[in-house]
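Novice: Encoded as structure tokens, here's the structure I'll be asking about.
The values are calculated or read from the model by the stated rules, or taken from the named source; none is laboratory data. Values in this document were obtained by computation on a predicted structure and should not be read as measured data. Every residue, glycine among them, receives a Cβ derived from its backbone with ideal geometry; neighbour counts consider all protein chains shown. Note: areas computed on protein heavy atoms with side chains; ligands, DNA, RNA excluded. Shrake-Rupley method; radii C 1.70, N 1.55, O 1.52, S 1.80 Å.
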Amino acid sequence: MTSPKQVVLITGASTGFGRLIAETLARKNYQVFATMRNVNGKNAGPAQELLELAKRESLALHVVELDVTDDGSVEHAIRTVIDESGRIDVLVNNAGYGLMGVSEAVTLEQAQRIMDTNFFGIVRMNRAVLPYMRRQKGGLLIHISSGAGRIVVPSMGFYCASKWAMEALAEEYRYELARLGIDSVIIQPGAYPTAVFNNIERAADTTREEAYGAVSSIADRVLRMLEGAKGNPQEIADVVLRTIETTPGQRKLRQRVGSGVQGIVDLNQLSETVQEQILAAFGMTDLTKFAAN
């Protein structure tokens, strides 16, 4: 086995996009740390499968316990990666889940939990890896968002809110980190047939939901449409690979991948134009100029 290219840490790698990204990058000779919760419990099976794949194909693929909602778990996982490899070149923020139902029927506990995973989990991860990337004078933050990071899907208000918040932060990182030689990008998948649909949480306050009558059935209608998705989730892993291998400073901020509403692409393009106007208004047009290492 030749020396790995770069060190990549992926959150939420037990199934779905995270699992495919881990396998794809490892087979392309990256040193991959596939992280997940409960490696000795619920995710013991996926963890063992990845370890067996690494052994069978002689891949630099490692499994690390990591819960993005737990400060201690994040710190321990990052230390494990640094002790093993000495650096972290790419962080793929992939961990997340969905929440559906009438917004009033979503309890405060549910709302806090999804934000803790889908948004604050990314805050924790980025804060944990950025000191090492700054020290290296280079790195890449990849944020796996969704088309729902740009639009509002009926019955998915809190999920959309978590992704909108994530995209805003990812774009702010873009401005702050460019001159330090670090890229921040967003990938917006459409609907794909992955295990994510098995993990969707429903609004817990059924009494409040029932008060909405026919509106309360919207979540079921939307879920049936999403479950009928036909795309190949490998497309996301391939885009992640191409993004990593794109020259630093030349990576697109947002990439929409897969089928769905064309208007999301239009929104991305309009947003880029508006942001350029905002930066010009503040005299900061060169803010995203990438550092020359």
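Novice: Six or more apart or on different chains, Cβ atoms under 7 Å: show the pairs whose first residue is in region 217-230 and at pLDDT 80 or above and whose second is in a loop (DSSP other than H, G, I, E, B) and open to solvent by 60 Å² or more (accessible area, probe 1.4 Å).
Specialist: Short answer, once both residue conditions are applied: I218/P154; V222/P154.
Novice: Looking for whichever is out of contact with any Gly (no Cβ under 7 Å at 6 or more places or on another chain), surrounded by 22 or more Cβ atoms within 10 Å (Cβ to Cβ), assigned to a strand (DSSP E or B) and not β-branched (V, I, T) here; the options are F17, F33. Which one fits? Walk me through how you get there before you give the answer.
Specialist: Numbers: F17 fails: assigned to a strand (DSSP E or B).
Result: F33 is the single residue among F17, F33 that is out of contact with any Gly (no Cβ under 7 Å at 6 or more places or on another chain), surrounded by 22 or more Cβ atoms within 10 Å (Cβ to Cβ), assigned to a strand (DSSP E or B) and not β-branched (V, I, T).
Novice: Counting only residues that are among the aliphatic types (A, V, I, L, M) and not in a loop (DSSP other than H, G, I, E, B), which one in region 63-80 is farthest from R113 (Cα to Cα)?
Specialist: At the first step, the residues of region 63-80 found to be among the aliphatic types (A, V, I, L, M) are 63-64, 66, 68, 74, 77-78.
Then keep just the ones that are not in a loop (DSSP other than H, G, I, E, B); that gives 63-64, 74, 77-78.
Details: V63: 25, V64: 22, V74: 17, A77: 21, I78: 22 Å.
Per the stated criteria, the residue is V63.
Novice: Restrict the check to region 210-218 and report whether at least one residue is surrounded by 11 or more Cβ atoms within 10 Å (Cβ to Cβ) and closer than 21 Å to I142 by Cα. Spell out how you get there, then give the answer.
Specialist: Of region 210-218, the ones surrounded by 11 or more Cβ atoms within 10 Å (Cβ to Cβ) are 210-212, 215-218.
Applying the additional criterion that residues be closer than 21 Å to I142 by Cα yields none.
No, there is no match, as no residue in region 210-218 is surrounded by 11 or more Cβ atoms within 10 Å (Cβ to Cβ) and closer than 21 Å to I142 by Cα.
Novice: On the basis of being without any contact (Cβ under 8 Å) to a residue 40 or more places away in the chain, open to solvent by 30 Å² or more (accessible area, probe 1.4 Å) and among the hydroxyl-bearing types (S, T, Y), does T247 make the cut?
Specialist: Values: without any contact (Cβ under 8 Å) to a residue 40 or more places away in the chain: yes; open to solvent by 30 Å² or more (accessible area, probe 1.4 Å): yes; among the hydroxyl-bearing types (S, T, Y): yes.
The answer is yes for T247.
Novice: Something else: Anything in region 250-290 that is closer than 22 Å to R134 by Cβ and open to solvent by less than 50 Å² (accessible area, probe 1.4 Å)? List them, or say none.
Specialist: Narrowing region 250-290 to residues closer than 22 Å to R134 by Cβ: 250-251, 253, 284, 286-290.
Across region 250-290, the qualifying residues are R251, L253, L287, F290.
Novice: Here are the criteria: (1) closer than 21 Å to A203 by Cβ; (2) surrounded by 18 or more Cβ atoms within 10 Å (Cβ to Cβ); (3) among the acidic types (D, E). Tell me which single one E109 does not satisfy.
Specialist: (2)
Novice: Keeping to region 133-161, report how many residues are open to solvent by 40 Å² or more (accessible area, probe 1.4 Å) and in contact (Cβ under 8 Å) with a residue 40 or more places away in the chain. Full working, then the answer.
Specialist: Just the residues of region 133-161 that are open to solvent by 40 Å² or more (accessible area, probe 1.4 Å), to begin with: 134-137, 150-152, 154, 158, 161.
Applying the additional criterion that residues be in contact (Cβ under 8 Å) with a residue 40 or more places away in the chain yields 134, 136-137, 150-151, 154, 158, 161.
So the answer is 8.
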